[in-house]
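The values are calculated or read from the model by the stated rules, or taken from the named source; none is laboratory data. Everything numeric here is computed off the predicted structure, so don't read it as measured data. As a convention, Cβ positions derive from the backbone with ideal geometry for all residues, glycine included, and neighbour counts pool all protein chains shown.
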Amino acid sequence: MHECTTLGEATGFDLAEIVGAWLLLCAIFYLNKERVLGALQALVSDAGSEWAPKGQRVKTAIAVLVAIGLLFAIDQMLVNLLGYGEG
């Protein structure tokens with residue numbers, strides 16, 4: 001049985017991936033802080049239900065999750081392209 005000796009071996013992620021994802025997330029939040037705060041307020045409050053039906057909000061949330069997944073997939077491809085994903 002293989003024994004994991006580092007965090008990267010235990011989780012499958014290495015430091016370059018983690019730092020890259022964290023920096024990307026911070027940049028997205030910083031550049032879109034007004035939109036992010038507005039989106040969080042709209043998701044938390046029920047007042048937003050007047051302008052958008054619940055089904056539309058669910059579709060929007062799913063689209064956002066897919067976009068985030070694509071961003072992290074692109075980040076992973078860049079990490080692998082640079083050779084940091086090989087361990």
Fill in the blank from the handout: In the stretch 39-52, residues that are over 23 Å from F72 (Cβ atoms) and at pLDDT 75 or above total 2
Fill in the blank from the handout: Across (1) over 14 Å from the mean Cα position of the chain (by Cα); (2) modelled with pLDDT of 85 or more, M1 clears everything bar (2)
Handout entry: Cβ pairs under 6 Å, 6+ apart, first in the stretch 74-85 and touching a residue at least 24 places away in the same chain (Cβ under 8 Å), second β-branched (V, I, T)
Key = G85/V79
Fill in the blank from the handout: Residue pairs within 9 Å by beta carbon, gap of at least six or interchain, first lying in the stretch 17-45 and over 15 Å from V64 (Cα atoms), second of a type in the set (S, T, Y) and part of a helix (DSSP H, G or I), listed first then second, are E17/Y84; I18/T11; G20/Y84
Fill in the blank from the handout: For the stretch 47-68, pairs from a residue that is over 30 Å from L23 (Cβ atoms) to a residue that is modelled with pLDDT of 65 or more and assigned to a helix (DSSP H, G or I), with Cβ under 7 Å and 6 or more apart or across chains, are G48/A42
